[in-house]
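Here the structure comes first, spelled out in structure tokens, and everything after it is commentary.
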Amino acid sequence: MIRRPPRATLCAYTTLFRSADEGSKIRAMLDGTVTLAEPDLFYTGGTLIFDHVHGISTLYMHMEKILVEKGQKIKQGDIIGTVGSTEIGRAHV
């Protein structure tokens, strides 16, 4: 009997910081479902996570306002919140 090693999980990510004026509208990058919507986490302030299926997720942080709720289905381009400034430096998402 041939023994196979356990399947490994591939974890790849890309970080993209978008500089913007505080209060600017944020639009969803892709269709997805909101899996986390927290208005004020300790390190990241207003934080959203979207599940886009196939193991792909998008994380939005440092948001001033969150305009969606956990479990909500979102379409690409929908307004999901506004840019905040919950960290030292220029406002970004």
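The values are calculated or read from the model by the stated rules, or taken from the named source; none is laboratory data. Fair warning: this is a prediction, and the values are worked out from it, not measured in the lab. We place every Cβ from the backbone using ideal geometry, glycine too, and count neighbours over all the protein chains shown. To get the accessible areas, we keep the full protein, side chains included, count just its heavy atoms, and leave off ligands, DNA and RNA. Shrake-Rupley method; radii C 1.70, N 1.55, O 1.52, S 1.80 Å.
Students sometimes get this wrong: rank Ser57, Ser85 by accessible area, probe 1.4 Å, all chains present, largest first.
Values: Ser57 75, Ser85 55 Å².
Highest to lowest solvent-accessible surface, that is Ser57, Ser85.
What size of dipole, in debye to the nearest 20, comes out for region 21-86 about its Cα centre when the only charges are +1 on Lys and Arg C-beta atoms and -1 on Asp and Glu C-beta atoms?
The dipole magnitude comes to about 200 debye.
Based only on the alpha carbon positions, what is the Kirkwood hydrodynamic radius of region 18-75, in angstrom? Result for region 18-75 stands at 11.7 Å.
In this structure region 35-79 gives 68 Å² per residue of accessible area when probed at 1.4 Å with all protein chains present.
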